[in-house]
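The values are calculated or read from the model by the stated rules, or taken from the named source; none is laboratory data. All values derive from a computational prediction rather than experimental measurement. Methodologically, a virtual Cβ is constructed for each residue, glycine included, from the backbone with ideal geometry; neighbour enumeration extends over all protein chains shown.
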Amino acid sequence: MDDGPFIKVDSVTKRYNMGHSTVNALNGMDLEIEEGEMVAIMGPSGSGKTTLLNMIGGLDSPDSGTIHIKGMEISSLNEGQRAQFRKNNVGFIFQFFNLIPSLTALENVLVPVMFDKDPPFERGVQLLERMGLKDRMGHIPGKLSGGERQRVAIARALINDPMLILADEPTGNIDSETAREIVSLFKELNDEGKTMLLATHDRIVAGRARSMIKVRDGHVVKGKAHSRSGMVHLSDEEKVKKKKRVVKG
Amino acid sequence: MEKRSTSLRSISRKERASANRNVRFGPITYISRDVWRNRSRTIMSLSSIAALSFLFVLFMSMDQGFSDFFEDDIGVPSDEQKELYEVKGVMENWVYLISALCMALMVLVVANTGIITVLERKQELATLRAIGISLPKVATLVAGSLSIILYGGILIGTLLGMACIPILDRVNVSLFSDGIGFPFSFDPSTIVLSLLIGTGAGLLGSSLPLFILTQSSPLEVLRDG
Amino acid sequence: MDRPMFNPATYSMSHLVKERTRSLTMIVTISLTVAFLLLTSSLLFGVINEIGTSEKQGLLQGSIPGSIDMFETFQLDSELSERARNSLINYLMITSLIVFLVAFFIMYNTMAIAVKERRKEIGILRAVGFSTGEILKIFLVEGAMIGMISWIAALFLGTPFIVNLAAYLIERGDGGIFFVQPVIPPQLIAISLAVTLGLSLGSTYMAIIKPIRSSPVALMRTRI
Ligand SMILES: Nc1ncnc2c1ncn2[C@@H]1O[C@H](COP(=O)(O)OP(=O)(O)OP(=O)(O)O)[C@@H](O)[C@H]1O
Ligand SMILES: [Mg+2]
């Protein structure tokens, strides 16, 4: 694998024009994240968390600066290439679930692969079983609870086995009990080697992540950007364990 | 924990075999679900298109009927034939006028349905793009729904027309005063023609909604509708 | 007053401008339909007019911008061609009916989506204390505005266009001129206004009445 960090955000800026005024959503953002991390991104409303996740996930492109994922520069890809990148490498989880109302849970999970030649149908079934939704597969989202919807969305994010999972306020629309379950699920996924980035306002959720960065006015204020030792809160022992698992998988 | 991680990473052959074999999901399923979900609107658009292509077939057959009527016997024209011949010239013109009107309204129906589709499902289409389905593929899905409505409507309208024409032939349709029965005859080339006109209307009508789609950003996914 | 006060007309107007594409679709649809209905019914009036008097006269001569006198040379030859003409007008009436229904569908569709997109807004208005009737009024005013604009467009742009098109097509016909001079009496103008308003208000009402009655909470919940 590459020598550089898994995610490298290098002095990225993004401006939005709002009528007469411009908003600096990202303002010289620098960030490095290692593979297998689980990072909570916190910060006040409007600080640029969502914008950052969109950039990393290839939904949006920066005005200046570069973003490298696994050594690949994604900030200069065109729209078609970015769609391809999102499909193969990124799993998105949204605050409002963004499921397709007319499709069943299982079909929703299969949406990202619906144009594939040989879609992994069985994998969709397995993922839903794993999410504890075995007897909910044929239900449409309207018949599911918030937590169940979010678990369907997580299964959808996993269908292509992405290396990176981006969750923007994944627990913003569900109660705290269910939120805890969802976070445990995220931890499991992280244990399996997925790199997870969660933007959240919820301290409890952030507290259960392995590390945390704080964002304000479009740049990292507290944290651990650039300092690899400070970034990871795991003990060295755990880290070694995790590496082993990744290798095994 | 070990067990879970294997279940995600590698799925054994046995598990594959036991998985639900009936599951099939592709663009066709997606499109048919979409058409079915908005069925009341689908039916309305479909029947509008059907009515318009019915009108088209009706007037084309009227025109054809007149042509056939004069082709049959070329001898000394009777008074009736002379008079009907006068009507024939006008008839052709009405055929053009009605065809143009049908075409214009078909363009409007397709454009209307398409605009509604891309505006109403802005978020859903943005979600598809956010999770990695490329813009041309998303456009294919939208165009697929529109084609079902368009060609379904043309099919129904043309079949209805074909069924009605033998009945209407030489029957005196009089609503408010005396009339005469017009000769009608259905020419199979009308089917091709209405398909062509429908396709033209479809291309014209869907260009605006598809343009709106290309202008929209996958970032729409974040907007709280 | 502890709830927002505003003028429904300006409120509707701002929406019409904001949703330009949609408003334009509706206006084009309605004006095309109304223009066509005007044409067929003016022919009908022409026939009725003719029964009483042999003189041919009508509003068309110069009274509508852009129209030309294309039926001047018209001569009614015999009873047969009159009957043929009546038959043709019958078919045109059927066509008008279908065109009217199609226009209604298009209008209903467009209004239904406009309402659906504004469910949340309706919910908020309901929540801050507007009654069903008041919200209905806002939407009906919007429908009426679209109707009025379309009617004016149909009368001053659509009709001369279609009439001239008809004239051109009829002139191109090889047989002699066979028809009746269209007549647009004042009552037809009134009828067309009523039809236009019926079309726009009817479809608006049909599209809004069900969603508007559901609870504000249900209206404000939009996401799945
Ligand atoms: N599409 C856009 N157009 C205009 N301004 C935008 C757009 N997207 C974001 N912004 C602005 O950029 C800034 C950062 O927004 P962003 O959504 O990234 O913040 P956030 O940290 O995710 O906030 P929240 O916690 O409320 O979700 C905000 O000031 C916002 O108003
Ligand atoms: Mg945000």
- Message: If A:Leu53 meets every condition in (1) of a type outside the set (Lys, Arg); (2) within 13 Å of ligand 2 (Cβ to nearest atom); (3) part of a loop (DSSP other than H, G, I, E, B); (4) in contact (Cβ under 8 Å) with a residue 24 or more places away in the chain apart from one, which number is that one?
- Response: (3)
- Taking A:Asp168 as meeting all but one of (1) at positive phi; (2) within 11 Å of the chain's Cα centre (by Cα), write down the number of the exception. (1)
- Hey, does the range A:210-230 have a residue that's within 16 Å of ligand 2 (Cβ to nearest atom), at pLDDT 85 or above and within 14 Å of chain B (Cβ to nearest Cβ)? no
- Condition check for A:Ile33: within 16 Å of ligand 2 (Cβ to nearest atom), in contact (Cβ under 8 Å) with a residue 40 or more places away in the chain and either touching a strand residue (DSSP E or B) at 6+ places or on another chain (Cβ under 9 Å) or within 14 Å of chain B (Cβ to nearest Cβ) (or both): no
- Item | Options A:Leu99, A:Leu158; residue that is at pLDDT 90 or above, more than 16 Å from ligand 2 (Cβ to nearest atom) and over 14 Å from the mean Cα position of the chain (by Cα) | A:Leu99
- Message: Looking only at the range A:3-35, filter to residues that are among the acidic types (Asp, Glu) and outside any strand (DSSP E or B); which one of those is farthest from A:Ile165 (Cα to Cα)?
- Response: A:Asp3
- Note on the structure: Filter the range A:190-220 for residues that are acidic (Asp, Glu) and within 16 Å of ligand 1 (Cβ to nearest atom); the one that is farthest from A:Pro44 (Cα to Cα) is A:Asp202
- Of the criteria (1) exposed (fewer than 14 other Cβ atoms within 10 Å of the Cβ); (2) within 16 Å of ligand 2 (Cβ to nearest atom); (3) within 14 Å of another protein chain (Cβ to nearest Cβ), which one A:Asn88 fails: (2)
- Note on the structure: When the range A:36-50 is checked residue by residue, the ones that are charged (D, E, K, R) and within 13 Å of ligand 2 (Cβ to nearest atom) are A:Lys49
- Message: For the list (1) within 11 Å of chain B (Cβ to nearest Cβ); (2) in contact with a Ser or Thr (Cβ under 9 Å, 6 or more places away or on another chain); (3) within 16 Å of ligand 2 (Cβ to nearest atom), I need the number of the one condition that A:Gly80 fails.
- Response: (3)
- Message: With under 29 Å from B:Gly65 (Cα atoms) and either at pLDDT 70 or above or more than 20 Å from the chain's Cα centre (by Cα) (or both) as the only criterion, which of C:Val28, C:Val17, C:Val102, C:Val115 stands out?
- Response: C:Val102
- If we keep only residues of the range A:161-182 that are more than 16 Å from ligand 2 (Cβ to nearest atom) and among the polar types (S, T, N, Q), then the residue farthest from A:Lys134 (Cα to Cα) is A:Ser176
- Query: Residues in the range A:65-86 that are in contact with a strand residue (DSSP E or B) (Cβ under 8 Å, 6 or more places away or on another chain), away from ligand 1 (no atom under 16 Å from the Cβ), touching a residue at least 40 places away in the same chain (Cβ under 8 Å) and of a type in the set (Gly, Ala, Ser): how many?
  - Reply: 1
- If A:Pro44 satisfies every condition in (1) outside any loop (DSSP other than H, G, I, E, B); (2) at pLDDT 90 or above but one, which is the exception? (1)
- From A:Pro119, A:Pro112, residue being within 8 Å of another protein chain (Cβ to nearest Cβ) and under 24 Å from A:Ile7 (Cβ atoms): A:Pro112
- Can you tell me how many residues in the range A:192-204 are away from ligand 2 (no atom under 14 Å from the Cβ) and in contact with a strand residue (DSSP E or B) (Cβ under 9 Å, 6 or more places away or on another chain)? 4
- Which condition number in (1) at pLDDT below 90; (2) more than 16 Å from ligand 1 (Cβ to nearest atom); (3) not in a helix (DSSP H, G or I) is the one that A:Gly172 fails? (2)
- Item | Residue within the range B:112-135 that is assigned to a helix (DSSP H, G or I) and surrounded by fewer than 17 Cβ atoms within 10 Å (Cβ to Cβ) present | no
- Note on the structure: Per the filter on the range A:56-77, residues touching a helix residue (DSSP H, G or I) at 6+ places or on another chain (Cβ under 7 Å), part of a loop (DSSP other than H, G, I, E, B) and either more than 16 Å from ligand 2 (Cβ to nearest atom) or among the hydroxyl-bearing types (Ser, Thr, Tyr) (or both) are A:Gly58, A:Pro62, A:Ile74, A:Leu77
- Note on the structure: Restricted to the range A:125-166 and to residues being among the small types (Gly, Ala, Ser) and within 16 Å of A:Leu110 (Cβ to Cβ), the residue surrounded by the most Cβ atoms within 10 Å (Cβ to Cβ) is A:Ala153
